[in-house]
Amino acid sequence: MNSISSRENRTHSSHIKPFSYYKCIIWEYFDYVPMHWHSEFEINYIREGSAEFICGDEKFTSTAGDIIITQPNVMHSIYSCAGQRQVYDTLVFSQDVFSGTETDRYFNECIKPLINGSMRVKVHITPEHHYYSEFEVIMENIFACAKGDTPRLDMLMRSEIIKLFWLLETEAETDRSYTESDGLIRTAIEYIEEHFSDVIAIKQLASAVHLSESYFMSQFKKHVGLSAMEYISHFRINQACKLLAGTNKSVLEIAFDCGFRNISNFNRQFRRTAGCSPTEYRKKLSGENG
């Protein structure tokens, strides 16, 4: 779940097994989940702790018991709350879970709108929701099946997912649509992904998506929840964490590889994001792996 790519390249599903389960712990398994999107559905079930979620145009703080639903191709990210630990279960699954065809009226009228975004279900479900008791049972069943990971449990899990969306669709919104600015911001994120090791200015990003600098900055903050420069810094630090964990490169080399031209600034930004210095981060990983 800690991919550095904006459009996630990880394969979460196959025709044989159209889902993937992940147990996630922010600050222990990874520092945060950068802004990204993928073609599958995603369900997060918060077991303990809190974190800051951005999902489409919604931003909220999660707490234990919360359920977060992300539809295909919706940009989303997770950031820690002042270093708090958050434990949550994640299921990422393809439309194949719904087992329908284009000629099936159920699939065409109920599932296809969820895939193309013409129908939006509730993103953030809390224990105060009037259907929460039903949702809670469904969540426990879905993740028990995912963890059990057998063909017979796959059958039960599919039925529970369909029941979940059957309930969600009673409150679905059908008048929201994909906007041009959504696509432009994704283009800007892809530009950052491709050029993060270089110097990047707001002028370059705005030019890449053919917007004025002021309008670009306001739209980026609206869609991503961070300013463009804050996002670039987070993205670079996330990549630096990968290099610290997976290579023997020096801290100076990693700083330059990740677009920092000043080692003091790199150390300061790293500590602000990860809560420790790059050297301490690498030592901590070495201790865990030793």
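Just so it is clear, none of the values below were taken in a lab; they were calculated from the coordinates. Fair warning: this is a prediction, and the values are worked out from it, not measured in the lab. Every residue, glycine as well, gets a Cβ built from its backbone with ideal geometry; the counts of neighbours run over all protein chains shown.
Quick look at the values:
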| item | result |
| --- | --- |
| Over the range 19-171: Kirkwood hydrodynamic radius from C-alpha pairwise inverse distances, Å | 15.9 |
| The chain: radius of gyration and largest Cα-Cα distance (Dmax), Å | 20.0, 60 |
| Convex hull of the range 24-86 built on C-alpha atoms - directionally averaged projected area, nm² | 3.8 |
| Additional length obtainable on full extension of the chain from Arg105 to Lys222, 0.36 nm per residue less Cα span | 38.5 nm |
| Out-of-range pairs (alpha-carbon distance over 20 Å; input Lys59/Lys147; Lys59/Lys242; Lys59/Lys222) | Lys59/Lys147; Lys59/Lys242 |
| Interatomic Cα distance distribution for the range 180-289, bins of 5 angstrom, percent | 2, 12, 22, 20, 15, 13, 9, 5, 2, 0 |
| Chymotrypsin sites (Phe, Trp or Tyr not before Pro) restricted to DSSP loop in the range 172-269 with at most 13 other C-beta within 10 Å | Tyr178 |
| Whole-Hz ³J(HN,Hα) from phi, Karplus 6.51 cos²θ - 1.76 cosθ + 1.60, for the range 103-119, glycine and proline x | 8, 7, 4, 4, 5, 5, 9, 10, 9, 4, x, 6, 6, 8, x, 6, 10 |
| Cα convex hull volume per residue for the range 59-134 (Å³) | 125 |
| Local electrostatic count at Phe53 - Lys and Arg +1, Asp and Glu -1, tallied over other residues with Cβ under 13 Å | -4 |
| Distance cut-off 14 Å, percentage of C-alpha pairs in the range 246-290 lying past it | 50 |
